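For reference, the structure discussed in these notes is given below.
Nothing in this text is a laboratory measurement; each read-out follows from the coordinates by a stated rule. What you are looking at is a predicted structure, and each value in this text was computed from that prediction instead of being measured. Glycine gets a Cβ as well: all are built from the backbone with ideal geometry, and neighbour counts include every protein chain shown.
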Amino acid sequence: MAYTVPKLKSFTPAALDKAAEKLLASLKLEAAAVKNEADWKVFRDRWMARKNGVLTEINDLWLKAAPKEAKREVGQRVNELKAAVTATVEKARTGVTIAPAPAVAKVGAVRPSVSVEPAALDITLPGNRRPLGAEHPVIKTMHEIVSVFRNLGYSVEEGPVIETDYYNFEALNFPPNHPARDTQDTLFIARQESKPQRDRLLLRTHTSPVQIRTMEKMKPPVRIVIPGKVHRNDPPDASHSPMFHQVEGLAVDANITFCDLKGTLDHAMKALFGSSVKTSFRPSFFPFTEPSAEMMVSCFICGGSGKRGSEPCRPCKQTGWIEILGCGMVDPNVYGFVDYDPKKVSGFAFGMGADRIAILKYGVDDIQLFFNGDVRFLEQFG
Ligand SMILES: [Zn+2]
């Protein structure tokens, strides 16, 4: 006669004891009768099914029906019974042979005679392999750039991604109406209209604020390299992303000249792209450097010829040159913000896009691939 959950007439501890005892005795009997996987499933469902299982029924017929003053006591008993049923059902499973894994059957592996229930442990099964991670290509490129400058004696500095207008623009000599201040380019944190402009928060548009923060806390000589994440309000496409990575550098000391800038960057490009690359500078404009320049390297993909076999070279647009970074001598106005004496010190700064360099190095044609998180793409760089 199969067990059915009775309605309780009394909720006294003695009555509860009696009811629990009956339930547990039936549980034990039914568990002992389980012989195979099909039996076990029936057994499990009879006791644990959400609908009409014994556990559901004791919840409804005992706990929910209990008078208010007995709820606490009954709740505790029901929880104990739940634990006992769950444990017994689990245990009953290890006693039955679950369908053997076909791989084992096929190769006819001899089961070692270990005194363990076969379903509990099959040492012939392969272990769980955890795939090894690898450095993301953009991070890897940043590390490579940083290590070139570390070898020249530069130290690494980092700063906040959420910056104030002061550090991102004002202290870097951006005049109030400079186009880069336009909200088209900058992502501002919302609801700050009540603050003075220089205190308003934004997502930094370049890593340059770290130059100011470092000069504020350090007297010359300064030689730093700054890797980091930056944001601009650019819609994503094959060559733009609202989030990207820069590596900047700054050197300030007595008697630093444009020749030092050229020599340092020429060395760095040869270290990064191979000793045969040439560098070339042309005038440019940045608010925080004067004079400013854009530096190009001879195309390390086509060797500067503009062609790959009979095909035109796309990365350099057949010119044989690739624009790689912006640079210049630190504008003397910037020193005024950090209490340096422009009559005594001079220096240079430079900055490059790590994502763009990774694109060139690895021949990737869409920047979005770096940030989609598709393992099939990323595992090629392991
Ligand atoms: Zn080329």
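The tail of the calculated P(r) for the chain, taken as Cα-Cα distances beyond 28 Å, holds 64 percent of the pairs. Taken along its principal axes, the alpha carbon cloud of region 278-336 reaches lengths of 54, 16, 13 Å, longest axis first.
Length gained on full extension, residue 91 to residue 122: 9.4 nm, using 0.36 nm per residue less the C-alpha separation. Shown here: region 167-232, whose C-alpha atoms stretch 38, 23, 20 Å along the first, second and third principal axes, sorted largest to smallest.
With the simple model of a label 7 Å out from the Cα in the direction of the Cβ, residue 140 to residue 369 spans 1.3 nm.
Karplus-derived 3J(HN,Hα) values for region 284-299, using 6.51 cos²θ - 1.76 cosθ + 1.60 with θ = phi - 60°, are 8, 9, 9, x, 9, 10, 7, x, 10, 8, 9, 10, 10, 10, 5, 4 Hz; glycine and proline are entered as x.
Among the trypsin sites (Lys or Arg not before Pro) in region 1-103, those located in a DSSP loop and surrounded by at most 14 other Cβ atoms within 10 Å of their own Cβ are 7, 9, 35, 50, 51, 64. Our note on the geometry: Cα centres of region 315-378 and region 211-249, 8 Å apart. On the basis of the beta-carbon distance and an R0 of 25 Å, residue 39 and residue 83 show a calculated FRET efficiency of 0.65. Take every pair of alpha-carbon atoms less than 8 Å apart whose residues are at least six positions apart; their mean separation over the length of the chain yields a relative contact order of 13 percent.
Taking 0.36 nm per residue of sequence separation and subtracting the Cα-Cα distance, how much length would be gained by fully extending the chain between residue 73 and residue 177, in nm to one decimal?
The residue 73-residue 177 span can extend by a further 30.1 nm.
Over region 121-272, the ratio between the Cα radius of gyration and 2.2 N^0.38 Å evaluates to 1.37. Spin-label model, residue 270/residue 3: points 7 Å from Cα along the beta carbon direction are separated by 8.5 nm. Considering only 252, 210, 42, the mean-square fluctuation computed in a Gaussian network model of the chain, springs between alpha carbons under 10 angstrom, is largest for 42.
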